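The values are calculated or read from the model by the stated rules, or taken from the named source; none is laboratory data. Being a predicted model, the structure only gives us computed values, none of them experimental. We place every Cβ from the backbone using ideal geometry, glycine too, and count neighbours over all the protein chains shown.
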Amino acid sequence: MRRLVLTILVLPALLVACDLPDGENDEPEAAPVETPTECAEVSATEGAPAPVTMMDNFFDPLCVAVSSTQGLSLTNAGNLDHNFTVQGTDLSVDLAPGEEEETSELGELVNAGTHRFFCRFHEDQGMVGTIVVE
Ligand SMILES: [Cu+2]
């Protein structure tokens, strides 16, 4: 299973951003396509919702792996309105600065697999990420 996930994740070039440490993604450099190790190493944990924080204008973490029985704990820690949308699903949450919201179990909202997520306000500014639902 781990190997399958790795193979899938090699695809989009945007995943290269997953290797950038926090705070260094203001000026993305052209980097060779490589396995997004951060995503590959993060394993889903049962129980507590997985935290995803919205900043101005990026997500932390850029890659999140969750179990289908796990929700997400979304927090807008920025100064702007942000949104968390999983592409191709009905999961779309708007949050004002300082707001938090916990989603239902991901298995009720998103099919298992690797999905792109984005902020609908700042997608064109690179506010995107990857979620792996196991
Ligand atoms: Cu945003």
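For this structure, a couple of remarks:
- Residue in segment 59-75 that is of a type in the set (V, I, T), over 13 Å from I131 (Cβ atoms), at pLDDT 95 or above and out of contact with any Phe, Trp or Tyr (no Cβ under 6 Å at 6 or more places or on another chain) present: yes
- Cβ pairs under 6 Å, 6+ apart, first in segment 77-94 and closer than 12 Å to M127 by Cβ, second among the charged types (D, E, K, R) and part of a loop (DSSP other than H, G, I, E, B): G78/D56; L80/D56; N83/R120; T85/R120
- Looking only at residues in segment 94-110 that are surrounded by fewer than 19 Cβ atoms within 10 Å (Cβ to Cβ) and of a type outside the set (D, E), the one that is farthest from the ligand (Cβ to nearest atom) is G107.
- Members of segment 88-134 that are part of a strand (DSSP E or B) and in contact with a Lys or Arg (Cβ under 9 Å, 6 or more places away or on another chain): S92, D94, V128, G129, T130, I131
- With respect to the stated conditions, A65 is away from the ligand (no atom under 16 Å from the Cβ) and in contact (Cβ under 8 Å) with a residue 24 or more places away in the chain.
- Subset of segment 68-93 (residues that are of a type outside the set (D, E, K, R) and away from the ligand (no atom under 16 Å from the Cβ)): S68, T69, Q70, G71, S73, G88, T89
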